[in-house]
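Here's the structure we're looking at; comments come further down.
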Amino acid sequence: MTTVQAATAGRFVGQAVPRKEDPRLLTGRGRYVDDVRLPGMLHAHFVRSDVARARITRLDVSAARQAPGVVAVLTADDLNAKAGPMLPTLFVGGAMGRGAPVVPLAPGDVRFVGDPVAMIVAEDRYAAEDAADLVEVDYDPLPPIVDYESALSGTGTVHPGWDGNIAAQMEVPVDPGLQEIFDTAAHVVTETFHQHRYSAVPMETRGVVAHWDPYREQMDVWLASQNPHEARLVFSRVTGLPENRIRVMIGDVGGGFGLKNFTGREEQVVVLASYVLGRPVKWAEDRREHLIASAHARVERVTARVAVDGEGKFLAAHVDHMDDVGAYPIGGGSAGAMVALFFSGPYRMGRLAWRTASVFTNTCGRAAYRGPWQMETTAREQMVDVVARAIGMDPLELRRRNVVRREELPYTMPGGMVLEHVSPLETLEQAAAAIDYAGFRASQAAALADGQLLGIGLSLYVEPQTGMGPFANEPAQMRIQPDGRVDVFLGSGAHGQGLETTTAQLVAEHLGVDIDDVTVHQGDTESTPFGPGTGGSRSGPMLGAAVQQAATSMRDKVFAIAGHLLEASPDDLAMEKGVISVAGSPQASITLAHVAGAAYLNSGALPPGLEPGLEVMVRYKAPAGMYSNACHACTVSVDRASGAVRVLRYVVSEDCGVMINPNIVEGQIAGGVAQGIGGALLEHNVYDDDGNPLAATFLDYLLPTAGDIPDIEYHHIETPASTLGGYKGVGEGGAIGAPPSVFNAVADALAQVGAHITDQPLTPARVREALG
Amino acid sequence: MDEIPVTMTVNGRRRTVLIEPRKTLADTIREDCELTGTHLGCEHGVCGACTVLLDGEAVRSCLLFAVQAEGHEVTTIEGLSPADGSLSPIQEAFRQCHGLQCGFCTPGFIVSVHAFLRDHANPTDAEIREGLSGNLCRCTGYQGIIAAVKMAASGNVPTGAAT
Amino acid sequence: MKPAPFAYHAPTTVADAVGVLGEHGDDAKALAGGQSLVPLLALRLARFAHLVDLNRVEGLTGIQRVNGSLEVGAMTRQAVAERSDLVKAVPLLAQAIPLIGHFQIRNRGTVGGSIAHADPASELPAVALALDASLVVASPSGSRVVPARDFFVSTWTTSLAADDVLTAVRFPVWEGRCGFAIEEFARRSGDFAVTGAACGVALSPSGDVSRAAVALFGMGPTPLRAADAEAALVGAAPGAADLSEIGELAVRGTDPPDDLHGSSAYRRRVGAHLVTRALTRALEEANHG
């Protein structure tokens, strides 16, 4: 754990600077959406389906309408015709396969347990829940579609009237050349990996406060979101209001992990309801709703077939992938294309072919969750170990033989993307050394002789940060005020990443001011430039580059003015903590405030032809793809009596390029790793055969606690990116690398006694069963 | 049901609120006392985000009805924070050790750690993990939190660094 | 997740508490620590028109030695019992309490409340059953004592009538060479046990097992005494008992639940192992005593 050092003069990037966000969050002065209270504000509560698939034969809200404190009870008849399209931006134009036909409230039939059927709007949430008890709904149940097989079997469609349940599909079939490789390879290993359903579960549930004022003709929305401008677009589409009459404000957000990146259905319904009723309305999702009806993730299956030569070199692979996107996926839709394209990861794999399909089912919809495409790593890294065991080679050695080496970069992956500025072999060796791989094999053998099962698991991956489509550019706007203080306006939506701090560090470094003199603004569409929010690990590479570019641009302008005022060449100037000095002339200096005063208030003093003011607006256009990479290594013990798995050591060797703030980098890794360990061992959104969600509270959806996560050991390699600043993304990696390293460690432990496990999560009962 | 008056001391100040008996202490603190630092993470007593001190003992305020606090002393995160803009030693330790990211679970942790360290002056690593296992965090993986508790327990908390 | 409305009563005497409960019968529920009841109310899995808060009733707290037993007032906080020196006289209770939830839960949860709530996967009902505790119950017709083996009827169901209030629990104190151990398996620290065993053994002067108590939790709708296992252990010479076999015997015939956290067969398997572990520890302690 890197301890914090006080920032040294002129060197802010790379320092573990304490966060600017912390004082308000530590003292309970954060402002989360449920903290927002408006005069006359009403509270919304949804009546939800308790069956997975059914026609609604009767919906009687008359008693609810009369209940004390109730202002309105809205049904599909009241709202649906008033709503415009409800899909997030990614789906406009069919870019991500066909999105689900989202409408505000269930349109005569329900498609998953939790499907909102009616909305109570009342003076407080207690009264709203009382009124919900009075709503009478009769259902005519239909056989629910709850898994891949039933989705494809043709016995029914999740969305009535649609032709089947395929949300997206893509295939690059095996051609004769590839078939030849499979036919002649020394080994062909096939295995199927099922990833179970688990999800983001931030500590703050979803929430929104919407306030339509017909006299100001303004819709104000406070939202728990990662993406204010996307939200504004979405609210504009659903209400029909022009975007410039909508203001979205994101304050502090209690975690998102992708779930709050695209605007959910209920948030849109609440905004629409406020518009229709002309009253402010708040919706604060409760935890049961969150666990059954917000969004799930990770339900995927991959059958991998890998051809290997006599020396363990990968020759080709075929990936057959399927994912279950539920009834109403939010934005994230299918990961299939990326899973297939990235399957080769950091390895040479020769030729690749694939087939992917996403299916709708009568379950809670899927949303992006920290590395939404991570099944490629989960399946591939487990597959590497399976191949290793099949051909009698140690998994570390098999990786060494196949990993792309520095000399081979830039390397074109079989999927077509080009890998550059990555260090998978270096991270592999660093992690293996740190965990003392060879030493562990010896302890493992000794433990087995004693009847104890220990295991070691590796996971190696490259992680793309996408600069494509809506994510291709990142804004940063900067203004220096007359007193020399700096305001930065970002298109981001931080929810724990410390962007107020890292941005200030970058500005301090590249402009030459004190961190305390920088104030960062984000989350309010009224004052910030249009941006893609915060997600996809873009804060380092894109936002960092944009801020750096804005800072250097601003410094150039400051020096142009200062040079003119000091009668010195701008090339001879330096600025530190807001004081500009001339190299070689210690007496000649002026303050940034002085320069700002001239810029705004004394245009005559400026260099001829220079536009007054100190304002810069930058849009950084990122390259199409950038990669960070890491290797995770963990050791586990498996209790033979109960099957309980305990993670003993957890090592991460990661390369996210230049680190802006090492504490924040390690914090992102740690959070992702904990989610990965939780996903591997504890978390499971279970459905029964009738489509009933069984993990509806924290008593059954088990999150890892402090007792479940060991000390994480971090090691860093810095291979700068090609982007300005060289910063790469680190937000998602932990959740990508951790599940397969844990799976591999347990499989490694079990393999010693001939046991084999493919069912996830690795609950004690399942592991015990596998042990026989 | 009808509202009844309830008088309790909150962060050293006597407060009388008018609430239904079924209104939880957590909701009453947040709405009637307008102290929004106490958060709702689950409302069924598992996550610990709603932790407050009741007569000095750490409890889950979502599992208490405000009416039960009649005549008792409630201390929230706001009451454990110095009023002058500085941070308490425990809070400063969390800041130094990057023991928070989104901050939603943080007040619950600070209150719990306050009580835990008062009762365990020299906790072992295992005791710390056990003691913290009733508070859930989704962002930090607990690494910075455990480091912060160790730092606070050691008494060697650097005084507030710049910014 | 807000509870349904209820009328709130805060009696200050047992008589008043019993009176209110009697008046409203099944429409009323006693509120002790609330750590189990309030989540059910919040989820609206249960609702009662009347909630009778026992937290202000006088005379229901306190721990004292009475005639060879440790008498614990029903409303004694688990945290208070955990810190109490007197509770050391009942080692099984002292070992069990720290396993309950987390310290914040124990600050409100009560010894009597946990026993009266009778969750089959919780520790204190099993401890009460293992030790043949006596439950002191107040009702409109006066006070009576119910032996633990008659108290637990089914999941969340005891022999308490709607107008009964549990006022104290008397845990017998074992004398002589004895040892106690509680072992449980839970998904995470503080979670409800998937399965567990609370055991006590006493040795005669010659070292034979003179008494054995094995109570299982998480293995059925109530805590269970493994009578056959106990019988097999009594009389065994030092070191002669096959504890693995006794563990198997303890779970034979049980019908544990099948759920997200484990199948019936899994619980029996792990349960047997925990009995073995607990008896091993208890015997070790007794032998050194």
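Read-outs throughout are calculated quantities, based only on the coordinates presented, and are distinct from any laboratory measurement. Quick caveat, the model's predicted, so the values are computed rather than measured. Don't worry about glycine lacking a Cβ; one is built from the backbone with ideal geometry, like all the others, and counts go over all protein chains shown.
What to note about this one:
- Taking packing as the residue-averaged number of other Cβ atoms within 10 angstrom, the listed peptides C:59-71, B:20-32, C:112-124 run from highest to lowest as C:112-124, B:20-32, C:59-71.
- Mean silhouette area of chain C, derived from the convex hull of its C-alpha atoms and averaged over all directions, reads 14.6 nm².
- Residues C:VAL173, A:VAL61, C:VAL153, A:VAL208 in ascending order of nearby Cβ atoms (within 10 Å, fewest first): C:VAL153, C:VAL173, A:VAL61, A:VAL208.
- Semi-axes of the equivalent ellipsoid of region B:1-92 are 22, 15, 11 Å, computed as sqrt(5λ) over the eigenvalues of the C-alpha gyration tensor in descending order.
- Coupling constants for region A:654-661 follow from the phi torsions by the Karplus curve (6.51 cos²θ - 1.76 cosθ + 1.60, θ = phi - 60°), and in residue order they are 10, 10, 10, x, 6, 8, 7, 9 Hz; glycine and proline get x.
- For A:LEU259, the residues whose amide H sits under 5 Å from its own are A:ARG370, ignoring neighbours fewer than 5 places away on the same chain, with H placed 1.01 Å from N.
- Amide N of region A:50-69 lying under 15 Å from the label point, which is placed 7 angstrom from the Cα of C:ARG44 along Cα→Cβ: A:50-51, A:60-69
- Region B:89-154, Cα convex hull volume normalised per residue, Å³: 70 Å³
- Normalised by residue count, region A:639-700 yields a Cα convex hull volume of 156 Å³ per residue.
- Burial ordering of A:TYR126, A:TYR139, B:TYR142, A:TYR198, fewest other beta-carbon atoms within 10 Å first: A:TYR139, A:TYR126, A:TYR198, B:TYR142
- On Cα atoms only, tilt of B:106-119 relative to the major axis of chain B in degrees: 80 degrees
- Region A:176-240 - Rg (one decimal) and Dmax (whole number), Cα, Å: 25.2, 76
- Rounded to 0.05, the FRET efficiency of the C:ALA227 and C:ASP150 pair, given R0 = 22 Å and the Cβ-Cβ distance, is 0.90.
- Distance from the alpha carbon centroid of region A:245-296 to that of region A:609-681 works out to 27 angstrom.
- The distance between label points at A:GLU149 and A:SER443 comes to 4.3 nm (points 7 Å beyond Cα on the Cα→Cβ vector).
- B:GLY41 long-range amide H proximity, modeled H, under 5 Å: B:ALA49, B:CYS50
- Helices in chain A that qualify as membrane-span-like (whole DSSP H runs, Cα extent of at least 20 Å along the helix axis, mean Kyte-Doolittle hydropathy of 1.0 or higher) do not occur.
- Averaging the Cα positions of each part gives two centres, and for region C:86-105 and region A:496-542 these lie 50 Å apart.
- Derived scalar couplings ³J(HN,Hα) [region A:205-220; Karplus, 6.51 cos²θ - 1.76 cosθ + 1.60; whole Hz; x for Gly, Pro]: 6, 6, x, 7, 10, 10, 9, 8, 10, x, 7, 7, 6, 9, 9, 9
- For chain A, the 222 nm mean residue ellipticity estimated from helices alone, with every DSSP H stretch of n ≥ 4 adding -39500 (n - 2.57) and the total spread over all residues, rounds to -8500 deg cm²/dmol.
- Cα gyration tensor of chain A - equivalent ellipsoid semi-axes, whole Å, descending: 42, 39, 23
- Within the shell defined by Cβ-Cβ distances under 12 Å, the residues around A:LEU453 carry a net charge of 0, with Lys and Arg each +1 and Asp and Glu each -1.
- Counting other Cβ atoms within 10 Å as a rough exposure proxy, the listed residues B:CYS50, C:CYS178 run C:CYS178, B:CYS50 from fewest neighbours to most.
- Packing, taken as the mean count of other beta carbons within 10 Å per residue, orders the peptides C:161-168, B:91-98 from highest to lowest as B:91-98, C:161-168.
- Using a simple spin-label model with pseudo-atoms 7 Å out from Cα toward Cβ, A:ASP690 and A:ALA433 lie 5.9 nm apart.
- Taking the DSSP bridge list for region C:1-111 and keeping only pairs wholly inside it, about 40 percent are antiparallel.
- Computed over region A:698-772, the Cα gyration tensor eigenvalues convert (square root of 5λ each) into semi-axes of 33, 17, 11 Å, ordered from largest to smallest.
- With Cα atoms, 0 to 90° folded angle of helix C:264-288 axis to chain C main axis: 70 degrees
- Note on the protein assembly as shown: Lys pairs 8 or more places apart or on different chains, Cα atoms under 20 Å apart, count 10.
- Altogether, the Stokes-Einstein calculation at 10 °C and 1.306 mPa s, with the Kirkwood radius of region C:7-56 over Cα pairs as Rh, returns a diffusion coefficient of 145 µm²/s.
- Modelled label positions at A:MET170 and A:TYR600, each set 7 Å beyond Cα in the direction of Cβ, lie 4.9 nm from each other.
- Inter-chain Cβ neighbour count for C:183-190, averaged per residue, equals 5 (cutoff 10 Å, partner chain atoms only).
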